[in-house]
Amino acid sequence: MRVVLRFDTDYQLEAETLAKSLQIPVVSSELHLRTGVDFELLLNHTGLSLSELPGKRDDSQPGKQKNKESNKVKTDIRCDFISGELRHRRLYGGGKNQMILKATGLNKHKPSIMDLTAGLGRDSYVLATAGARVTMFERQPVVAALLADGLRRLRSAGDEQELAIAQRLSLHKGDSLNCLPALAEREAADVIYLDPMFPERGKAAKVKKSMAFFHHLVGNDDDSAALLPLALATARYRVVVKRPRHAPPLADLKPSLCFEGKSTRFDVYPLKKMA
């Protein structure tokens, strides 16, 4: 996928440093984008955001002619822990009764957790709000950059409670398949959490429109099945896998316990009783 980084004038040095680390072109927001670009990262006073430049495809209606809006950016993705849905969930999200907290044991304990497929860190943030120390792994460089930017803004602009949450979150940029063994030698996590990308299957599995191009960028985690045996060999107390409700278990390994919702379930693989 072809990605370019654009920046507002005051952010040139920061943008050039980021573009170099991502090995992507960088241009000022005052210049026109070159042709043949699929995704745009924009760095400005609001932080870092990602947009897909439409007109390349129409997944929902193949063959449909492009409309007049085809050359305009339709939506963007950013990692936002301070406002919007995640803030609302933190304040009014059901507390310890949330399935993810029951599955990870956070309704009764305060385990350390490794999230091996962090993405934009939404589940990791929920776990950290409940008191867990969470180590996040993200191997897709652009997604890791968005996540790092969200953490930076949480640490610099959040209130006192949000700052405490930020201090419980840490990020490793890299593939957990490669990073986990060495990291676990120093300190094994109590719980390992997996939420691999799952391919869409028909209308029932369509993602939200705002996230569809994010899946287009990231693709499917074709090697995700290899994470489960590694996680089972590494975690101290349990492994938790988030799955679409009707999906087969990861690596075809049946869990001992499931927490099931309307569209999602959490498969739990206990290793020993949590202390």
- prompt: Just wondering, is there one or more residues in the stretch 83-96 that are over 18 Å from the mean Cα position of the chain (by Cα) and of a type in the set (Phe, Trp, Tyr)?
  reply: yes
- request: Please give the helices (runs of 4 or more DSSP H) falling wholly within the stretch 139-226 in which 1 or more residues are over 30 Å from Arg6 (Cα atoms), at pLDDT 70 or above and touching a strand residue (DSSP E or B) at 6+ places or on another chain (Cβ under 6 Å).
  value: 176-186
- request: Look at Val134 and say whether it is at negative phi, surrounded by 22 or more Cβ atoms within 10 Å (Cβ to Cβ), in contact with a Leu (Cβ under 6 Å, 6 or more places away or on another chain) and at pLDDT 95 or above.
  value: yes
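The values are calculated or read from the model by the stated rules, or taken from the named source; none is laboratory data. Quick caveat: nothing in here was measured; it's all calculated off a predicted structure. Reconstructed Cβ throughout: ideal geometry from the backbone, glycine too, with neighbour counts over all protein chains shown.
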